[in-house]
1. Looking at this structure, is Thr227 under 15 Å from Glu290 (Cβ atoms) and either assigned by TED's automatic domain parsing to the domain that holds Asn132 or buried (at least 16 other Cβ atoms within 10 Å of the Cβ) (or both)?
2. Is one or more of the residues making up segment 305-324 at positive phi and surrounded by fewer than 19 Cβ atoms within 10 Å (Cβ to Cβ)?
3. Of all residues in segment 354-381, which are free of Cβ contacts under 8 Å to residues at least 12 places away in the same chain and either touching a helix residue (DSSP H, G or I) at 6+ places or on another chain (Cβ under 6 Å) or more than 28 Å from Ile97 (Cβ to Cβ) (or both)?
4. Going by the conditions given, is Thr220 in contact with a strand residue (DSSP E or B) (Cβ under 6 Å, 6 or more places away or on another chain) and closer than 21 Å to Val286 by Cα?
5. Surrounded by fewer than 20 Cβ atoms within 10 Å (Cβ to Cβ) and among the hydrophobic types (A, V, I, L, M, F, W, C): is that true of Leu339 in this structure?
6. Confirm whether Ile252 is β-branched (Val, Ile, Thr) and in contact (Cβ under 8 Å) with a residue 60 or more places away in the chain.
7. Inspect segment 98-114 for any residue being assigned to a loop (DSSP other than H, G, I, E, B) and more than 19 Å from the chain's Cα centre (by Cα) and give the result as yes or no.
8. Please pick out the residue among Arg348, Arg316 that is assigned to a helix (DSSP H, G or I) and in contact (Cβ under 8 Å) with a residue 12 or more places away in the chain.
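The values are calculated or read from the model by the stated rules, or taken from the named source; none is laboratory data. Source: prediction; values computed, not measured. Ideal geometry is used to build each Cβ from the backbone, glycine not excepted, and the neighbour counts take in all protein chains shown.
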Amino acid sequence: MPDIKLLNIVGARPQIIKASAISRAISNFYADKITEILVHTGQHYDKELSGVFFDELEIHKPDYNLGVGSARHGRQTSMMITGIEDILLKERPDCVILYGDTNSTLAGALAASKLHFPVIHIEAGLRSFNKNMPEELNRIMSDHSSTLLFAPTNAAFKNLMHEGFRPENAPPYTLDNPKIYLSGDIMYDNTLFFAQLAEKKRAAILNELSVKRDNFILVTIHREVNTDNIVRLEAILTTLKSLSEEFLIKFIMPLHPRTIISLKTRLERLYNELLACKHITIVPPVSFLEMTLLEKTSKFIITDSGGVQKESHFFRKPCLVLRKETEWIELVNNGTAVLVDADPEKIRNEFRRFMNDGSDLEYPGFYGDGKTAEFILKEIMMMF
């Protein structure tokens with residue numbers, strides 16, 4: 001019989017993908033030691049989360065789906081806490097693993113810690129230092145409800161120390177005596193795995209989009225600060241359109257439905273101009289493997305996504321960040337990611353710099369060796 005029962009809690013497609021690194025490591029190294037139970041809160045409904053999605057990516061299907069769906073933060077989180085409590089009391093796991101900074105993360109942290117199940121937080125210590133972002137509050141509260149905290153970067157590890165976590169704590173580890181680790185990033189594990197899978201299964205997308213490797217710009221825009229603020233959205237897309245025409249280079253834009261709705265309803269003229277521009281291709285959101293391949297084969301990336309910022313580094317691609325701040329400050333300090341916000345002048349200047357000098361940048365190994373999931377499970381096994 002396995003020695004440990006582990007409850008994985010996720011709430012959206014990106015978290016399912018993160019959890020897959022843990023699932024693969026269990027299968028490869030601890031199949032006879034760890035029983036994994038995957039709980040999907042249903043925080044974000046995604047029509048792509050079908051059996052095909054899990055089979056294609058070789059991902060463990062959820063054992064439970066709470067089907068919570070969209071709601072106001074308080075209502076959504078309370079429904080998730082109730083559902084997670086029921087599962088915890090039924091399954092009685094040895095520990096609970098949480099990822100990142102969603103409402104599902106917070107709900108899992110509160111439900112488990114109040115029932116005295118040890119919480120393990122992966123991607124601990126990340127801070128944007130902007131508490132107006134709900135994600136920032138989720139990160140902080142989840143970290144302070146955890147027993148084992150795995151920081152993906154040195155900056156994240158130092159953030160935990162600044163908040164009072166002590167690296168010198170000795171076992172046994174508890175909520176009052178937590179352990180912090182500099183672990184590396186499980187998304188680097190995933191990038192290595194899924195990049196190979198994408199080349200095998202989704203290489204055709206380059207021909208479908210009529211682009212050549214290292215000769216197009218990948219753009220993603222999905223954060224509310226950009227999609228719901230029409231002044232910002234117009235400034236960003238007008239600037240990108242002019243740059244595409246100046247440099248005669250293709251821009252591939254898999255735009256979030258929220259972005260498309262804002263364009264169609266409030267910036268219709270700009271939307272039509274973008275559609276008519278021969279250097280810009282707007283497409284619906286692509287699959288995870290397709291996105292992975294587009295990141296890998298782009299010249300560089302423009303995004304407001306935290307995950308895509310990291311993936312740009314994994315694939316050694318420069319990145320313009322359409323935000324005022326980032327959790328991945330090491331990328332900014334390294335010069336491979338630049339915060340341009342929605343400022344047309346900054347976007348133009350940094351775009352031109354990357355077009356001319358992007359090949360001279362260096363990409364240090366900030367995120368570990370690609371074996372982070374294995375390391376995390378080893379530490380969990382030592383705790384029990």
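1. No: the conditions fail for Thr227.
2. yes
3. Scanning segment 354-381 gives Asn356, Asp357, Ser359, Asp360.
4. Considered against the rule, which asks whether it is in contact with a strand residue (DSSP E or B) (Cβ under 6 Å, 6 or more places away or on another chain) and closer than 21 Å to Val286 by Cα, Thr220 comes out as yes.
5. yes
6. It is false that Ile252 is β-branched (Val, Ile, Thr) and in contact (Cβ under 8 Å) with a residue 60 or more places away in the chain.
7. No; the residues of segment 98-114 include none that is assigned to a loop (DSSP other than H, G, I, E, B) and more than 19 Å from the chain's Cα centre (by Cα).
8. Of the residues listed, the single one that is assigned to a helix (DSSP H, G or I) and in contact (Cβ under 8 Å) with a residue 12 or more places away in the chain is Arg348.
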